[in-house]
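A short worksheet on the structure shown next.
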Amino acid sequence: MELTFAARVRGWVGSECQIRSTRVPAIHALDTPRRGRDITAMRRLLLLRHAKTERARPGERDRDRKLMQRGRADAPVIGAYMAHHGLIPNLALVSPAARAQETWALVAAAFAKVPRTINDERIYNANAETLIDVIGGTRRAHTLVIVGHNPGLHDLALQLIASGDVEMREQLNEKLPTSGLAVIDLPFDDWSLTHPHSGRLERFISPRLIAAATE
């Protein structure tokens, strides 16, 4: 019987684990490799939206906005989840906006070793087409994370994804929330081949989905 997305998320959840003092549910989607995935998924793209952010104060530039308390709590949950399930990138391309920088610092703190990180001005306020160009120029990375902003990240995810769990895709179609993480597998070994409808949604997760799965 085909499991619903909600049941699938609940099924990923086991006992809680402690990772660098951040308690998150142990979610087991990667514990058992899916048949054929390792053969076809030659590149893995992680799209991570920045965490919840304060509104701009009078005179403050948009790119200088900081994370609010909820954002500072959510980002480590995603980082611990990524570390526990081996979703660790070889390369991180991060928007120069303060909220993206702070999000990545909190996420990467969960890893044993911080991945190579490049602050890329092109990601700030980028549309999907620009982001595809950014991805296409990547070299020597099997797993790449882009830490950035909507609507560009969300539009990119919708453009790239051609397959994957239907209900999971419907959840992502609705929105890519703050601290939301979309994992997209691509069936080629050269980032320059990235193009619309070339990816498979391996998973979509957010702090809210993790919390709901443990209720």
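Structure data summary
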item	result
Top-ranked residue in the range 134-164 [being in a loop (DSSP other than H, G, I, E, B) and at negative phi; ranked as surrounded by the fewest Cβ atoms within 10 Å (Cβ to Cβ)]	Arg139
Single unsatisfied condition, Glu167 versus (1) surrounded by 14 or more Cβ atoms within 10 Å (Cβ to Cβ); (2) charged (D, E, K, R); (3) not in a helix (DSSP H, G or I)	(3)
Candidate set: the range 97-131, residues that are in contact (Cβ under 8 Å) with a residue 60 or more places away in the chain and surrounded by fewer than 19 Cβ atoms within 10 Å (Cβ to Cβ); chosen: the one nearest to Leu186 (Cα to Cα)	Tyr124
Residue match in the range 176-190 (condition: of a type outside the set (A, V, I, L, M) and part of a helix (DSSP H, G or I))	no
Scan of the range 39-65 for residues that are crowded, with 18+ Cβ neighbours inside 10 Å, of a type outside the set (A, V, I, L, M) and either modelled with pLDDT under 90 or in contact with a strand residue (DSSP E or B) (Cβ under 6 Å, 6 or more places away or on another chain) (or both), ordered by number	Arg43, Arg44, Thr53, Arg65
Filter result for the condition that a residue is hydroxyl-bearing (Ser, Thr, Tyr) and over 14 Å from the mean Cα position of the chain (by Cα), over Ser206, Ser192	Ser192
Members of the range 164-201 that are closer than 17 Å to Ala141 by Cβ and touching an Asp or Glu at 6+ places or on another chain (Cβ under 7 Å)	Val183, Ile184, Asp185, Gly199
Asp185 of a type in the set (D, E, K, R) and closer than 13 Å to Met42 by Cα	yes
Extreme residue, surrounded by the most Cβ atoms within 10 Å (Cβ to Cβ), among residues of the range 177-195 that are touching a Phe, Trp or Tyr at 6+ places or on another chain (Cβ under 8 Å) and among the aliphatic types (A, V, I, L, M)	Ala182
Residue under evaluation Leu131, criteria (1) in contact with a Phe, Trp or Tyr (Cβ under 6 Å, 6 or more places away or on another chain); (2) not in a loop (DSSP other than H, G, I, E, B), criterion not met	(1)
The range 66-94 residues that are of a type in the set (D, E, K, R), paired with ones that are surrounded by 19 or more Cβ atoms within 10 Å (Cβ to Cβ) and not in a helix (DSSP H, G or I) (beta carbon under 6 Å, 6 or more apart)	Arg70/Lys52; Asp74/Ala51; Asp74/Ser179
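Residue-by-condition table, conditions (1) farther than 20 Å from Leu91 by Cα; (2) basic (Lys, Arg); (3) touching a helix residue (DSSP H, G or I) at 6+ places or on another chain (Cβ under 6 Å); (4) at pLDDT below 95:
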| residue | (1), (2), (3), (4) |
| --- | --- |
| Asn127 | yes, no, yes, no |
| Leu158 | yes, no, no, no |
| Leu176 | yes, no, yes, no |
| Gly180 | no, no, no, no |
| Trp191 | no, no, yes, no |
| Arg208 | yes, yes, no, yes |
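The values are calculated or read from the model by the stated rules, or taken from the named source; none is laboratory data. Remember, predicted model here, so these are calculated numbers, not experimental data. Note: ideal-geometry Cβ built from the backbone for every residue, glycine included; neighbour counts use all protein chains shown.
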